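Trainee: This structure is in structure tokens; I'll ask about it shortly.
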Amino acid sequence: MNQPDGTLTKYMMAKYSDTAKSWIIDYLRILEVDKLVKATKVLKPEALLDHWFSITQKPKHYDFFVQSPKEFLKDIRLDYALTTYMAENLLNHYLFPSRTDLYIKEEDFSKWKEKISQNGLVGKGNLRLLIYDEHTMYEKKNIGGFWVASIPQVMIDLRREGGVCQEAYDMMVEKYVR
């Protein structure tokens with residue numbers, strides 16, 4: 001979904017996904033049967049998003065409260081990528097960023113928890129740390145000084161969140177997919 005025009009080679013897909021080229025070829029055949037792709041070109045982007053949504057799992061997460069998530073993130077110096085409310089607000093300006101969700105590396109969790117405990121609290125609040133696999137950070141972008149997950153990843157996460165996030169997802173489909 002990050003390179004839907006077909007310019008991404010099967011070899012590069014295998015490299016990015018850290019899997020065998022033969023697996024990529026086999027999986028692309030499955031997607032071709034459903035007419036979602038032709039080789040590496042996306043034919044039906046919205047249907048491919050539906051497929052991705054159906055096979056992904058909800059990431060493990062931890063909740064915290066910090067006074068000002070944006071200020072907290074400005075000097076964090078740890079790898080992350082925003083998603084859902086804050087990411088959508090930076091990309092599309094529709095949702096109020098009532099909660100800041102961000103992907104972090106599992107091995108960095110103790111560092112994040114230490115930084116948060118200096119100025120924040122553990123428990124359900126306005127900051128959610130999502131543990132990701134190494135592929136979630138693919139194509140993240142710096143927007144306004146904040147790292148944001150790829151647009152397709154943000155879209156999937158919004159859809160998973162539901163409610164007003166579903167409305168934001170639908171708007172992003174109109175803007176970025178159709």
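Trainee: Semi-axes, largest first, in whole Å: what does sqrt of 5 times each Cα gyration tensor eigenvalue give for the chain?
Mentor: Square roots of five times the eigenvalues give 31, 18, 13 Å.
Trainee: Send over the semi-axes of segment 10-55's equivalent ellipsoid, whole angstrom and largest first, taken as the square roots of 5 times the C-alpha gyration tensor eigenvalues.
Mentor: Rounded to whole Å, the semi-axes are 18, 11, 9.
Trainee: Is it possible to state the helix-based mean residue ellipticity at 222 nm for the chain, with each DSSP H run of 4+ residues giving -39500 (n - 2.57), the sum divided by total residues, to the nearest 500 deg cm²/dmol? What is it?
Mentor: Result for the chain, helices only: -12500 deg cm²/dmol.
Trainee: Alpha carbons only, please: Rg and Dmax for segment 74-119, in angstrom.
Mentor: Spelled out, the Cα radius of gyration and Dmax of segment 74-119 are 12.0, 33 Å.
Trainee: If you don't mind, there's one more thing I want to ask. Note the angle between two axes, namely the Cα long axis of helix 45-55 and the longest principal axis of the Cα atoms of the chain, as a number of degrees from 0 to 90, rounded to the nearest 10.
Mentor: The angle comes out near 70 degrees.
Trainee: With just the Cα atoms defining each centre, how far is segment 98-162 from segment 61-95? Give it in Å.
Mentor: Segment 98-162 and segment 61-95 have Cα centres spaced 7 Å from each other.
Trainee: Still on this model: Return the FRET efficiency for the residue pair Ile76, Lys35: r is the Cβ-Cβ distance, R0 is 35 Å, and the value is rounded to the nearest 0.05.
Mentor: After rounding to 0.05, the efficiency reads 0.20.
Trainee: If you don't mind, another one. Apply 1/(1 + (r/R0)^6) to the Cβ-Cβ distance of Phe53 and Glu114, taking R0 = 35 Å, and write down the FRET efficiency to the nearest 0.05.
Mentor: 0.55
Trainee: Still on this model: May I ask for the equivalent-ellipsoid semi-axes of segment 57-149, computed as the square root of five times each C-alpha gyration tensor eigenvalue and listed largest first in whole Å?
Mentor: Working from the Cα gyration tensor, I get semi-axes of 18, 16, 13 Å.
Trainee: Would you grab the residues whose amide H sits under 5 Å from the one on Trp147? Only those 5+ places off in sequence or on another chain, please, with H modelled 1.01 Å from N.
Mentor: Hits under the 5 Å cutoff: Leu82.
Every number in this text was worked out from the coordinates using simple rules, so none of it is lab data. All of these numbers come straight from a predicted model, not from anything done at the bench. Reconstructed Cβ throughout: ideal geometry from the backbone, glycine too, with neighbour counts over all protein chains shown.
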